[in-house]
1. Of everything in region 46-75 that's open to solvent by less than 90 Å² (accessible area, probe 1.4 Å) and β-branched (Val, Ile, Thr), which residue is modelled with the highest pLDDT?
2. For residue 35, indicate whether it is in a helix (DSSP H, G or I), at pLDDT below 85 and open to solvent by 100 Å² or more (accessible area, probe 1.4 Å).
3. Let me confirm something: among 21, 43, which residue is part of a helix (DSSP H, G or I), open to solvent by less than 90 Å² (accessible area, probe 1.4 Å) and on the phi < 0 side of the Ramachandran plot?
Amino acid sequence: MTIDNLGDLIPIVVIGSAILAGILWLIKAQTHMSREFRPNGGATMRDSMNRIEKDMRDVRGRLDQHIDTHNKGNT
């Protein structure tokens, strides 16, 4: 393929630019997503998951105590 005039070069530049823009967008999106999985003291998804996990452990412990209390009363 030979490029004889500027009209032949424009589609190649446009397609190349679109591909590069897409790659840059993917890199930015990946970088942003990876930040969400690192704890930072409260604002990330990872921090939310840690809080939910802690709350679930607390609820499970209280439920176990409640069940034990009722089981002791029935014996």
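1. Residue satisfying both the conditions and the ranking: 59.
2. yes
3. The conditions single out 21.
The values are calculated or read from the model by the stated rules, or taken from the named source; none is laboratory data. These figures come from a predicted structure and were not determined experimentally. Quick note on the areas: whole protein, heavy atoms, side chains included, nothing else; ligands and nucleic acids left out. Shrake-Rupley method; radii C 1.70, N 1.55, O 1.52, S 1.80 Å.
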